[in-house]
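Please read the structure below before turning to the comments.
Throughout, read-outs are computed from the coordinates displayed, never taken from laboratory work. Worth saying up front: this structure is predicted, and the values here are computed from it rather than measured. So basically every Cβ, Gly included, is an ideal-geometry build from the backbone, and we count neighbours across all protein chains shown.
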Amino acid sequence: MSQNNNTNNLSPVERIKLASDGLRGTLKESLRNDLTGALYEDDQSLIKFHGMYQQDDRDRREERSAKKLEWLYSYMVRLRLPGGFLTPEQWEALHHIAGDHATGIIKITTRQTIQLHGIVKSHIKPTLQDFNTVGLDSIAACGDVNRNVICAAHPKQSAIHEQIFAYADKLSQLGLPKTRAYYEIWLNEEPLTDKTKEEDNLYQDRYLPRKFKMAIAIPPNNDVDVFINDLGLIAIIENEQLKGFNIVAGGGLGTTHGNPNTYPRLGTVLGFVDTDEKLFKAAYEIITIQRDYGNRSDRKLSRLKYTIDKMGVEQFKAELEKRCGFALEPARAYSFTERHDLYGWQQNHEGKWYYTVFTENGRVLDTEAVTLKSAMLEVAQVKLANFRFTANQKLILADIEPANKAAVAAILEKHHVLAHTGQASEVRKNSIACVAFNTCPLALAEAQRYLPLLIDKIEVLLARHKLDKEAISVRMTGCPNGCGRPYVAEIGFIGTAYGRYNLHLGGDRYGTRLNTKYRENLDEAAILQELDGLLGLYSAKRKKNESFGDFVLREKIVAI
């Protein structure tokens, strides 16, 4: 066992977890304290395991501090939705819960789930109880546990999509904490009289050193960015039959500005498993290795990627095979040739229809141009479609019977959703931004509020250089933690200070190569000047079908 688990060398968060009584802490007392909108300090760490973050309105900090008022605290609640799926009944409930308890905006995340912002402390419990009535929860959607398991989104990708999609829920169940704290605190369940019934062989009383993420990819589309996850599974399909999965471990993108010991890393392909028994055993034991060997003294160095690099890939694999009791087979051949969402109308092998809606940065709301939120409610109310989410923050109206397609299309037409999606440029459709300001406490710069405005100006440059049909991937985060996956974009923006970003270039179109830092601390004028020159070169000198990311490498504009 790693020396980092020595009780004399633990970070403060590790001590909070150990003393938490199965993640209960003093959350009940915190909720009863109506003198503050905040939770007690230790509970602010524990609430993450229940799928929430304490936040405040950073736009109003200065104003409230000047008036000697407490910051305007609120909470973000994130659902656990393996593979990103809601029934129409659940979407309708979500719509009303967002209006009753949150800001009203429904936010689709890069983990194929939903989060609501702006929930005040007194509304947390009613929010979770309302979700519970429609079979939804936020257990382990945040915290040092396995997070929401994501899966290739679009059923058109494979005739056996549903078979593979089912693994997301199975893996989610595998990685769920056993504590009943969530049910006691939020749903008023009576505490167990026999606490041995919630003993957790996987997480014990320590849980993991940091968050743990899983993804399932179905080649040839790497829409889930499988290599940036702690555990990735690549489905191996032959003659429309699932043969098993390649196992990828050790991906992760978070870094810290100025700390060279932190870095993004793509996962390593360890091998292949051909049965469910082997798959679930390998997934379980990868988690236990991270539990036992992960860094518990420095949270900046605590993700699985650092554990693997410290142990070495071969030692890690040997430890995995020792714990599993079997050897992994050599990895099977696969190929990724795309990494994007399938917009507009698509039909799967069963004849069912799917419409992928452009939801910029995952925000579902009504504007003057498009009444997107109202449209989705109307679709839900007529119960003609399910709702699926992509790992790129987009929404799919799914599983529509051929006889119902015209009725769904009429709703989309009425609310201008068809035009909104059809008119969005390729670069805009391929853009991703994290939440950042005004709620994320880690944000150094804007992201989701600013990237659409920057894309407006990038579109002008693309048109000038006759590149407006190019699906260049552009991603932005307000800090170096990488929630918007900027390190695997062709053009990545990482916030350094308000209005300033590092510019990264050179990722590939398929999510199999990290980009590299090209320029530091640029403001908007400098960003546009750099991109104008680079896009001009790309237009003039690119080879046929050469992507922008590949071009900047070939021209030695950046080196990997």
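Based on the alpha-carbon gyration tensor of region 428-554 and its eigenvalue square roots a ≥ b ≥ c, which shape applies: rounded if a/c is under 1.5, prolate if not and a/b is larger than b/c, or oblate? If you can, show how the numbers build up before the last one.
Numbers: a/c = 1.87, a/b = 1.56, b/c = 1.20.
Taking the square roots of the gyration eigenvalues as a ≥ b ≥ c, region 428-554 is prolate.
Would you work out the charge dipole size for region 428-554 about its Cα centre, treating the Cβ of every Lys and Arg as +1 and the Cβ of every Asp and Glu as -1, and quote it to the nearest 20 debye?
So the magnitude is around 440 debye.
Going by C-beta contacts inside 10 Å, put Val120, Val149 in order with the fewest on the left. Before the final figure, lay out each step's value.
Values: Val120 14, Val149 30.
Fewest-to-most ranking of Val120, Val149: Val120, Val149.
Take Ser65, Ser473 and order them by how many other Cβ atoms sit within 10 Å, fewest up front.
On the way: Ser65 11, Ser473 29.
With the sparsest Cβ surroundings first, the list reads Ser65, Ser473.
Nothing charged except the Cβ atoms of Lys and Arg (+1) and of Asp and Glu (-1): what's the magnitude of the dipole of the chain about its Cα centre? Round to the nearest 20 debye.
Values: 73 positive and 71 negative charges, 239 e Å.
In total the dipole reaches around 1140 debye.
Asp456 versus Gln347, label points 7 Å from Cα toward the beta carbon: distance in nm?
4.0
Does the chain classify as rounded, prolate or oblate by the C-alpha gyration tensor (a ≥ b ≥ c root eigenvalues; a/c under 1.5 gives rounded; else a/b over b/c gives prolate, otherwise oblate)?
Details: a/c = 1.25, a/b = 1.15, b/c = 1.08.
The shape class here is rounded.
Calculate, in nm to one decimal, what Glu199 and Arg554 gain on full extension: separation in residues at 0.36 nm each, minus their alpha carbon distance. Can you show the working numbers first?
Working: separation 355, 0.36 × 355 = 127.80 nm, distance 5.48 nm.
Going from the current span to full extension adds 122.3 nm.
Considering the dipole of the chain built from charges on the beta carbon (Lys and Arg +1, Asp and Glu -1) around the Cα centre, which of Val435, Gln129, Ile455 is farthest to its positive end?
The listed residue farthest towards the positive side: Ile455.
Once the Cβ-Cβ distance between Glu546 and Ala424 is put in as r, and R0 is 25 Å, what FRET efficiency do you end up with, to the nearest 0.05?
For Glu546 and Ala424, the calculated efficiency is 0.55.
Packing-wise, with mean Cβ within 10 Å as the measure, how do 176-182, 475-481, 516-522 rank, highest first?
Working: 176-182: 19.9, 475-481: 25.6, 516-522: 14.9.
Packing order, densest peptide first, comes out as 475-481, 176-182, 516-522.
Number of Lys-Lys pairs in region 286-383 under 24 Å by Cα, sequence gap 8 or more or different chains? Kindly include the intermediate steps, with their values, before the conclusion.
Working: Lys300/Lys310; Lys300/Lys317; Lys305/Lys317; Lys305/Lys322; Lys310/Lys322; Lys352/Lys373; Lys352/Lys383; Lys373/Lys383.
Going through region 286-383 pair by pair, I get 8.
Helix check for the chain. Which DSSP H runs span at least 24 Å along their own axis by Cα, with a mean Kyte-Doolittle hydropathy no less than -0.5?
Values: long enough: 276-293 (25 Å, -0.52); 524-541 (25 Å, 0.45).
In the chain, the long hydrophobic H runs are 524-541.
Nearest 5 is fine: what % of DSSP beta bridges in the chain come out antiparallel, could you say?
80
Arrange Trp71, Trp91 by Cβ neighbour counts within 10 Å, fewest through most, would you? Could you put the intermediate results ahead of the total?
Values: Trp71 16, Trp91 24.
Result, fewest neighbours first: Trp71, Trp91.
By its C-alpha gyration tensor, with a ≥ b ≥ c as the square roots of the eigenvalues, how is region 1-120 shaped: rounded for a/c under 1.5, else prolate for a/b larger than b/c, else oblate?
Values: a/c = 2.11, a/b = 1.20, b/c = 1.75.
Oblate.
Determine the sum of side-chain charges near Glu62: Lys and Arg each +1, Asp and Glu each -1, restricted to other residues whose C-beta is under 14 angstrom from that of Glu62. Intermediate values should be presented prior to the final figure.
Numbers: positive: Arg58, Arg60, Arg61, Arg64, Lys67, Lys68; negative: Asp56, Asp57, Asp59, Glu63, Glu70.
That sum, taken over residues with Cβ under 14 Å, equals +1.
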